[in-house]
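To keep things clear, I will list the structure first and then write my remarks on it.
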Amino acid sequence: MKQRSGGAFIAVVLALSIASRVAAWEATVDGTDHQRQDGATAVAVGPSGDVFATGFTDDNNFVVVKVSGTTGNILWRQTVAAPTGPYPYGRAITVDGAGDAVVAGGGNMTLIKLSGATGAMVWSYTLSGSTDSFGLALALDGAGDVLGGGTQRNAAGGKDFVVVKLSGTTGAELWPPQRIGGLTSDVNIANVVRADPVGDVIAAGVIDDHSFDLVKLSGASGAELWRHAGGEAVAAAVDGAGDVVAVGWDFIVVKVSGTNGTEAWRHSNDFGRAVALDAMGDVFVAGDVQNATEGHSDGAVVKLSGATGTELWPVQVISGTAGLGDHVNDLAVDAVGDAIVAGQTWDVGTDFTILKFSGSTGERLWFTTIDGTEFGAQDLASAVTVDGAGTIAAAGTTVNRREMTGYDFTVARFSDRISGKKMALSGDGSTRTLSVSSRDPLILASGHGVPADPTVGGAVLELSNPTTAETAAVMLPASNWSGNTPRLFPGTQKYRYTDHGSAHSSILIQSGKRLKIRSRGPIPFSLNEPSQGSLAVKLTIGTGGFRYCMRFGRTILADLPGRFVATDTPAPDHCP
């Protein structure tokens with residue numbers, strides 16, 4: 001929530017469940033100088049669901065943290081002694097199959113591997129030559145070896161496009177650094193590196209100042225296999241056949257053959273920033289488009305056919321309420337083929353904004369905004385990823401003036417599984433009384449006007465016994481829901497359900513505070529066993545994927561036929 005108070009600049013990293021936006025924890029990393037800036041620049045999710053993030057504290061300290069995906073506790077924090085130079089901080093991070101973290105950045109192109117268990121340094125690599133260099137891109141190949149990309153000052157005063165390949169085990173160079181640019185004064189930068197299915201390397205960026213370049217290098221030797229030019233490439237992806245899709249300035253999207261670099265198709269709009277592929281090889285592209293009417297940019301996402309480049313659904317425009325210029329900075333595609341988009345939208349200042357779009361129709365399923373405490377400040381989401389288990393991790397910045405810690409690097413995880421304060425169920429089959437409550441300062445509800453808004457899509461309340469598999473559902477139609485529209489600040493959404501009919505029910509969902517459910521009526525649940533053991537409650541909002549799940553059974557006050565009362569339950573392991 002934005003307030004007229006105080007001052008701190010906080011970088012935020014969020015991890016969310018694919019199915020909901022209910023926050024499970026938030027953790028903060030703070031530098032030593034509260035007048036200087038801390039920030040998260042990249043984030044990844046490990047095999048066990050823990051969250052890794054990199055960035056900087058005190059303007060230029062290279063920092064990596066690991067946060068427990070379950071509790072939000074900081075498991076370890078490392079400040080890396082990287083050489084000084086431009087951008088001396090972490091810029092990219094990934095996690096290998098063993099759960100160790102690999103990070104790129106540093107003032108002199110530095111790649112490091114840290115133990116996932118302890119944060120201890122496994123190895124460190126620094127590019128030889130000029131210290132005026134930095135790492136921008138990072139990937140792992142199928143063997144677990146490390147690919148890095150970036151730029152380095154050359155003898156002519158320009159910068160070389162640089163790609164390295166290192167042993168994932170030792171950090172040793174597997175072939176000499178590949179430099180494109182030579183003795184020229186041009187600016188050449190490798191913005192992206194990817195591994196193809198056979199272990200060769202795709203690098204994308206800019207060569208000769210402003211040409212769009214894709215380069216394929218042999219994974220075995222580093223030798224250049226082909227090159228494709230046509231504009232500055234800022235993002236790229238490789239499909240299962242080894243073909244390459246890249247996006248760059250002027251929202252140029254190209255697909256080229258992985259075999260020889262021949263262009264298969266091209267699609268243009270305005271400015272592209274990110275690209276991702278679904279399981280079918282179709283292409284999602286996100287970036288900005290020009291709003292000709294209002295004279296500013298809007299964020300945008302579009303889905304293209306992987307085979308032909310034609311639009312499978314039209315460009316979906318993302319615009320805030322102020323109409324002052326909105327941006328999309330990154331996107332990811334989840335296991336069911338929906339697109340998660342991260343960026344900033346203007347409201348009162350700019351908001352850290354995350355949205356989900358249906359992969360099949362392009363419909364906006366939900367959106368949410370995260371805001372610092374400084375009124376009118378510029379918050380933004382800069383990066384997003386999603387793992388196979390459905391955890392979304394997003395990195396960005398919020399601005400706060402209320403906290404005395406100054407500039408803070410913040411990590412949070414969101415889940416559909418929440419802790420419960422109390423549950424009581426009683427009565428006979430014709431009239432049951434149900435009461436459920438959860439109090440959590442990080443509960444988050446969707447924004448208004450999308451399918452995950454219950455005033456649009458309604459909701460379903462489900463009660464179940466995990467042991468007997470008995471389930472009862474109560475429909476909660478959209479006509480009985482109301483919301484706090486128009487909202488004064490993003491992130492303060494509140495929805496209320498009221499039904500005075502035969503199933504007398506009331507529900508309150510309040511972002512940042514609580515979830516309360518009260519129902520008295522014909523809930524079709526037997527409750528006639530000698531005991532229940534535990535009961536689960538799930539509230540699913542609309543068709544946009546929001547849900548809240550609780551399982552009561554840890555502290556039971558009453559468990560007998562016709563009555564069940566339990567309190568203070570932790571979040572369940574899964575949401576059915």
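Overview of results
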{"item": "Test: residue in region 271-283 that is modelled with pLDDT under 80 and assigned to a loop (DSSP other than H, G, I, E, B)", "result": "no"}
{"item": "Region 219-246 residues that are within 21 Å of Thr151 (Cβ to Cβ), paired with ones that are among the acidic types (Asp, Glu) (beta carbon under 6 Å, 6 or more apart)", "result": "Ala229/Asp213"}
{"item": "Failed item, numbered, when Pro524 is tested on (1) more than 33 Å from the chain's Cα centre (by Cα); (2) modelled with pLDDT under 70", "result": "(2)"}
{"item": "Failed item in (1) part of a loop (DSSP other than H, G, I, E, B); (2) touching a strand residue (DSSP E or B) at 6+ places or on another chain (Cβ under 8 Å); (3) at pLDDT below 90; (4) not aromatic (Phe, Trp, Tyr), with Thr293 passing the rest", "result": "(2)"}
{"item": "Test result for Thr71, part of a strand (DSSP E or B) and hydroxyl-bearing (Ser, Thr, Tyr)", "result": "no"}
{"item": "Among the candidates Gly376, Gly420, Gly449, residue that is surrounded by fewer than 19 Cβ atoms within 10 Å (Cβ to Cβ), modelled with pLDDT of 70 or more and among the small types (Gly, Ala, Ser)", "result": "Gly449"}
{"item": "Filter pass, Gly97 being assigned to a loop (DSSP other than H, G, I, E, B) and surrounded by fewer than 20 Cβ atoms within 10 Å (Cβ to Cβ)", "result": "yes"}
{"item": "Cross-chain or 6+ apart pairs with Cβ under 6 Å, region 552-572 first and more than 22 Å from Asp416 (Cβ to Cβ), then not in a strand (DSSP E or B)", "result": "Asp559/Ser531; Asp559/Gln532; Pro561/Asn528; Gly562/Leu527; Phe564/Gln532"}
{"item": "Which listed residue is modelled with pLDDT under 95, under 22 Å from Ile202 (Cα atoms), assigned by TED's automatic domain parsing to the domain that holds Asp50 and not aliphatic (A, V, I, L, M), from Thr131, Thr84, Thr79, Thr126", "result": "Thr126"}
{"item": "Qualifying positions in region 458-493 - under 26 Å from the mean Cα position of the chain (by Cα) and either within 19 Å of Lys422 (Cβ to Cβ) or modelled with pLDDT under 85 (or both)", "result": "Arg487, Leu488, Phe489, Pro490, Gly491, Thr492, Gln493"}
{"item": "Matching entry among Gly142, Gly90 (being surrounded by fewer than 21 Cβ atoms within 10 Å (Cβ to Cβ), under 24 Å from Val386 (Cβ atoms) and in the same structural domain as Val51 (by TED's automatic domain parsing))", "result": "Gly142"}
{"item": "Members of region 270-291 that are more than 12 Å from Ala246 (Cα to Cα), touching an Asp or Glu at 6+ places or on another chain (Cβ under 8 Å) and either in contact (Cβ under 8 Å) with a residue 24 or more places away in the chain or surrounded by 21 or more Cβ atoms within 10 Å (Cβ to Cβ) (or both)", "result": "Asp270, Phe271, Gly281, Gly287, Asp288, Val289, Asn291"}
{"item": "Residues located in region 144-176, provided they are within 18 Å of Lys216 (Cα to Cα) and either of a type in the set (Phe, Trp, Tyr) or not in a strand (DSSP E or B) (or both)", "result": "Asp145, Phe161, Trp175"}
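Each row is one residue, and each column tells you yes or no for (1) modelled with pLDDT of 95 or more; (2) surrounded by fewer than 23 Cβ atoms within 10 Å (Cβ to Cβ); (3) not in a loop (DSSP other than H, G, I, E, B).
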position: Pro197; (1), (2), (3): yes, yes, no
position: Val215; (1), (2), (3): no, no, yes
position: His228; (1), (2), (3): no, yes, yes
position: Gly231; (1), (2), (3): no, yes, no
position: Thr259; (1), (2), (3): yes, yes, no
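The values are calculated or read from the model by the stated rules, or taken from the named source; none is laboratory data. Predicted model only: the values in this text are computed from it and were never measured. Methodologically, a virtual Cβ is constructed for each residue, glycine included, from the backbone with ideal geometry; neighbour enumeration extends over all protein chains shown.
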